[in-house]
1. Give me a count of the residues in segment 44-67 that are more than 19 Å from residue 26 (Cβ to Cβ) and touching a strand residue (DSSP E or B) at 6+ places or on another chain (Cβ under 7 Å).
2. Residue by residue through segment 219-231, note down the ones that are farther than 26 Å from residue 178 by Cβ and either free of Cβ contacts under 8 Å to residues at least 60 places away in the same chain or within 17 Å of the chain's Cα centre (by Cα) (or both).
3. Consider residue 258 carefully, then state whether it is assigned to a helix (DSSP H, G or I) and modelled with pLDDT under 80.
4. Please determine whether any residue of segment 189-207 is within 17 Å of the chain's Cα centre (by Cα) and either modelled with pLDDT of 80 or more or buried (at least 18 other Cβ atoms within 10 Å of the Cβ) (or both).
5. Taking helices (runs of 4 or more DSSP H) that fall entirely within segment 21-92, which contain at least 3 residues that are at pLDDT below 95 and either over 25 Å from residue 245 (Cβ atoms) or within 14 Å of the chain's Cα centre (by Cα) (or both)?
6. Please go through segment 96-151 and give me each residue that is buried (at least 23 other Cβ atoms within 10 Å of the Cβ), assigned to a loop (DSSP other than H, G, I, E, B) and in contact with a strand residue (DSSP E or B) (Cβ under 6 Å, 6 or more places away or on another chain), ordered by number.
7. Among what's in segment 232-255 and is outside any strand (DSSP E or B) and modelled with pLDDT of 80 or more, pick the residue that is nearest to the chain's Cα centre (by Cα).
């Protein structure tokens, strides 16, 4: 799960990994774009790296630092990187409070991460952190998802998925989502089927949830400006069904000339 997620109930150690992979594991539409950016970046920071969906694609192209709030996800990311012979620097902590004492040519916050860290105060803290770590000539990309697409994805019937985590195989039903005031809440509350030594058993899992706030590029522009960033352009992902209608907001530091 991306850093900064506020859960309603906390899944167990292994279940946390499965919940994240259910949400994000199959998404690939944005990877070519991030790979293109990483090839020209000496150092890259990913916020909300989870189990490494994006980080593992970029690690061979740039000096990659991966951040997440969940220690289980970070440990799993490192395990997967080592299994592929990749070098990733893990950073455990809240992305809204990071202060790494270094700058990056590229900072990415994929798939609605800025929409799950909390309200306006947390979002602005996230943007201030991006500004604090972004090199003078650097670029940050914040991907905003369409909340209606989140609701649609969870409402669309899907087959059960077979996922592996920490040596266990989970057969998982799809996630559920409910519309909330100002956004949508994605909930994992249906339990998992687990296979151990070839036998299938069922065990309910403590509900876990992540809430996406509705946000437009215009909202992000206003927040970014107060945090020392400006948005020279945005582009929309024509994408496929897994892209959640992403809009990529490209941010750069505000220069002295632009602040006048």
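The values are calculated or read from the model by the stated rules, or taken from the named source; none is laboratory data. Bear in mind the structure is a predicted one, so any value in this text is a computation, not a measurement. Cβ sites come from the backbone with ideal geometry, for glycine too, and all protein chains shown count toward neighbours.
1. So the answer is 9.
2. The answer is 221, 222, 225, 230, 231.
3. Taking the combined requirement at face value, the residue satisfies it.
4. No, that holds for no residue.
5. 71-83
6. 110, 111, 112, 116
7. 246
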